[in-house]
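First comes the structure, then the notes that go with it.
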Amino acid sequence: MKTYTPAEIREMLRVSDEKVYAWIESGEMAAFNVAGKKATRPRYRIEDSALRDFINMKSVNAMPTATTRRRTKKERPTKRYV
């Protein structure tokens with residue numbers, strides 16, 4: 001089981017530290033805290049399976065090809081020059 005730190009995730013996904021921590025705190029990215037009970041700050045680790053799930057959730061699916069519509073010719077008003 002490979003684990004990553006938020007800094008490694010930041011480099012892989014090319015986002016800020018704040019963004020990675022926001023994903024973790026909102027629950028979008030599953031992570032576990034390896035800090036001890038007396039620690040003042042959390043030390044998160046993200047499993048490779050959790051990272052893959054997150055990337056799959058965030059990935060943009062290809063849009064289906066749009067069907068082309070034929071334009072109808074609208075009758076244009078005639079210009080009158082006075």
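Read-outs throughout are calculated quantities, based only on the coordinates presented, and are distinct from any laboratory measurement. This structure is a prediction, so every number in the text was calculated from the model and none was measured. Every residue, glycine among them, receives a Cβ derived from its backbone with ideal geometry; neighbour counts consider all protein chains shown.
Structure values in brief
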quantity	calculated
Percent breakdown of C-alpha pair distances by 5 Å bin, ordered from the shortest bin, for region 3-58	4, 20, 33, 27, 10, 4, 1, 0
Model label zone, MET1; criterion: amide N under 20 Å from point 7 Å along Cα-to-beta-carbon; scope region 13-51	24-25, 27-37, 42-51
